[in-house]
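Read-outs throughout are calculated quantities, based only on the coordinates presented, and are distinct from any laboratory measurement. Just so we're clear, the structure is a prediction, and the values are computed from it rather than from any experiment. A quick note on method: Cβ atoms are made from the backbone with ideal geometry, for glycine too, and the neighbour counts reach across all protein chains shown.
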Amino acid sequence: MNRPRAAFFSFGSCEGCQLQVLSVEDTLLELLAAVEVVNFREAMDDRRDDYEIAFVEGSVIRPDDVAEIRQIRQRARILVALGACACLGGVNAIRNRRTPQDLAGEVYGGRQDGVFEALSASPISSVVQVDYEIRGCPIDRAEFLDAVRSLLAGTVPYTPPYAVCVQCTLRGTPCILERGLPCLGAIARAGCEAICPAYGAPCEACRGFHDAPNFEALGEAFARHGMARQMAAEKLQLFNDYREVRAAWERALPSPSDT
Amino acid sequence: MGASAAVAVRHLTRVEGHGNIVVDVQDGVITRCDLEIVEAPRFFEVLLKDRPADEAARIACRICGICSVGHATAAVHAVEAALGITPGPKLRLLRRLNMAGEWLQSHVLHLGFLVAPDAFSEGSVLPLAASHPDLVKGALRLKRLANDICSTVSGRHVMPISYHPGWMGYWPEPAELEALRGRLAEAAADLDALVEGFAQIQWPALARSAEHVAALEPGGVYPMMGGPLHSTAGRVTPPAAYAAVLQEFVVDHSAAKHVRGPGGDGSREGGGTIRVGALARISLAYDRLHPRASAALERLKLAPDSANPFDNVPAQVVEAVQAHAEAAAAVEALLADPASEGPAAPTRPGGEGIGIVEVPRGTLVHHYDIGANGRIVRANCLIPTAQNLASIEADMRVFVPALLDRPKDAITHALEMLVRAYDPCISCAVH
């Protein structure tokens, strides 16, 4: 049987999603028997361009990235975006509230040439068509493997359409919003098994929104538990501040700097 | 007329992030000898600004997937220092367990997946899985264990969840710790095999002195959770004065700032270059190693005062054994007294705080100013790989003349191996 050829690429990111791929230890050798990896800079010397499936991590954050992602799109039959930076802009998009000049001034004494060149940050889908998204910061290992199995079977990888609150309830975690932690579970897309509340941190919606988020109700829930409505907006800025993602929530929840 | 050579490696493989090696030798004279850091900056110091201090660990850990526990730890240390929070001994122990997990994960990833292919002349771990299945399977088991240590403490290794200033959002159940105890005991054989495997490997001879730096903890324990900066030049510097020992400066060919020590200008000719990481820690704290790690040091014939950067690889093997011993000791201590420890409270609303930890690649510093409203006003992050960049280039300058009689491919490969020996983490270095 011909194994499909896959390649991994990273743009502006921490490469943590690729590390999650390398961390499927129990299944790594099995995975490699099903897929031929022809390009994975973090792990191997070979670099071939005859891939069918491209897994892409990270945001587009400088001019060269645009040409490179276009070339990958041209070569790949299927392009899969991995993780919050690639799917949503993620934490990278926080910088878009500042100008590139401002960023460079603060960190590099104003240098913006050569290696210091920087754009505002965008998700992959802002430049090329993305066929599938595997969400999360970082991606979940089991979900990645499920997605690969789906792609090999020619079916569409599944992503839950409902809220993190559903998985939190199923898991039996006491509600942390009721404890006064600024949790976004009510509007956030599930698939993570609600791991953050289970380990004592609020959901920060790193997987984006579920199919019917109600941001007004989120703001009211924050207010009911003694937190400012603006805090909901501030939490949404962490992973969902790229302008087209923000459009979903900013009318319902004006952020502090907009008011 | 001397020899001429040109090496240009775009996007060096089997390292974290994007770096290029560019070397030009004309008639025996080195005209270029750079490790270009072309990773795009993400401006994390700016991303942290104006965010509530409780978020610092969860934002900072996104600097790097491989080093995310280290960043989370440095971030909570910095916030705790700023707000006058004194974490209790059990909380510190729990965090130490997680750091040991990350050390084991990171060192085994580097040794088994990124470096071992060089040692056995392969291009990746894939052919190694066929030619040396025991080595690869043992490394995979150790990596799995390391991941599971971190999952037990903080939900997952990449982007740990439970870190807050003064408290941890999750406390492992005794049954979870007991499961780790059993797994740690079983893993001893895989570590022995790792030591034996790497004891067979002969690394290139290269000697260049640099000042080795590590943050040594009080109490004679192996350096991991931070303390004053010690150096092989005999300097001892309190954390508050870190910027005098680790001086950042911008160079044209690297999006990561370079760092020089106080002993010179940090130029590529070698003055004032420093090294941090496994070899530097062993230089400064070999007498603090666990007996099993000391035995590994002997077996690997690693000289603690080595000036050969390739010795960072066997030093990581020694530290993998050390991390395993640390994790086992922490699990025992937590099992002896498994009740969770209550939160430690802030004693002031804001202030300035410095958090230092020894992460797998060396000394990591996070330095924050926190305003009276509990938000981060200013952040500075000093990354181990950035501290090593000037040393890597100075080593290349020493190494290149000895390679000139070889074919171009061999020169290229030798330089790639040198860079990999430092286990650079380029996403971190640029952040």
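May I ask what percent, to the nearest 5, of DSSP beta bridges between residues of the protein assembly as shown are antiparallel? If we restrict to bridges inside the protein assembly as shown, about 70 percent are antiparallel.
Along the axis of the charge dipole computed for segment A:1-119 (Cβ charges of +1 for Lys and Arg, -1 for Asp and Glu, origin at the Cα centre), the listed residues A:Asn39, A:Ile72, A:Leu119 are led at the positive end by A:Leu119. Using C-alpha pairs under 8 Å with a sequence gap of at least 6, the mean separation divided by the residue count of chain B gives a relative contact order of 26 percent.
DSSP bridge analysis restricted to segment A:5-153 gives an antiparallel fraction near 15%, rounded to the nearest 5. The order of B:Lys137, A:Lys235, going from fewest to most other C-beta atoms within 10 Å of their C-beta, is B:Lys137, A:Lys235.
Taking the number of Cβ atoms within 10 Å of each Cβ as an exposure proxy, the fewest-first ranking of A:Ser150, A:Ser120, B:Ser162, B:Ser106 is A:Ser150, A:Ser120, B:Ser162, B:Ser106. Given a cut-off of under 8 Å on Cα pairs at least six residues apart, what relative contact order in percent is computed for chain A? Over chain A, the number comes to 17 percent. Across peptide A:43-52, the average count of Cβ atoms from other chains found within 10 Å of a residue's Cβ is 4. Along the axis of the charge dipole computed for segment B:321-431 (Cβ charges of +1 for Lys and Arg, -1 for Asp and Glu, origin at the Cα centre), the listed residues B:Asn373, B:Ile383, B:Ala339 are led at the positive end by B:Asn373. By the Cβ-Cβ criterion of under 4.7 Å, the unpaired cysteines of chain B are B:Cys33, B:Cys61, B:Cys150, B:Cys381. Taken over the C-alpha atoms, segment A:1-114 has Rg and Dmax values of 16.4, 56 angstrom. Close Lys pairs in the protein assembly as shown (alpha-carbon distance under 26 Å; sequence gap of 8 or more, or different chains): 5. Think of the protein assembly as shown as a dipole: +1 on every Lys or Arg Cβ, -1 on every Asp or Glu Cβ, centred on the Cα centre; then among B:Ile30, B:Phe113, A:His225, A:His225 lies furthest on the positive end.
The dipole here belongs to chain B: it is taken about the Cα centre, uses +1 on the Cβ of Lys and Arg and -1 on the Cβ of Asp and Glu, and is about 460 debye. Pairs of Cα atoms under 8 Å, at least six residues apart: use those to get the relative contact order of segment B:218-343, whole percent. Dividing the mean separation by the residue count of segment B:218-343 yields 17 percent. Overall shape: oblate for segment B:127-219, with the ratio a/c of the largest to smallest alpha carbon gyration tensor axis at 1.5 or above and b/c at least equal to a/b. On a 0 to 90° scale, report how tilted helix B:312-336 is relative to the longest principal axis of chain B, with both axes built from alpha carbons and the result rounded to the nearest 10. Tilt relative to chain B: about 10 degrees.
About its Cα centre, the dipole of chain A is roughly 480 debye, where the only charges are +1 on Lys and Arg Cβ and -1 on Asp and Glu Cβ.
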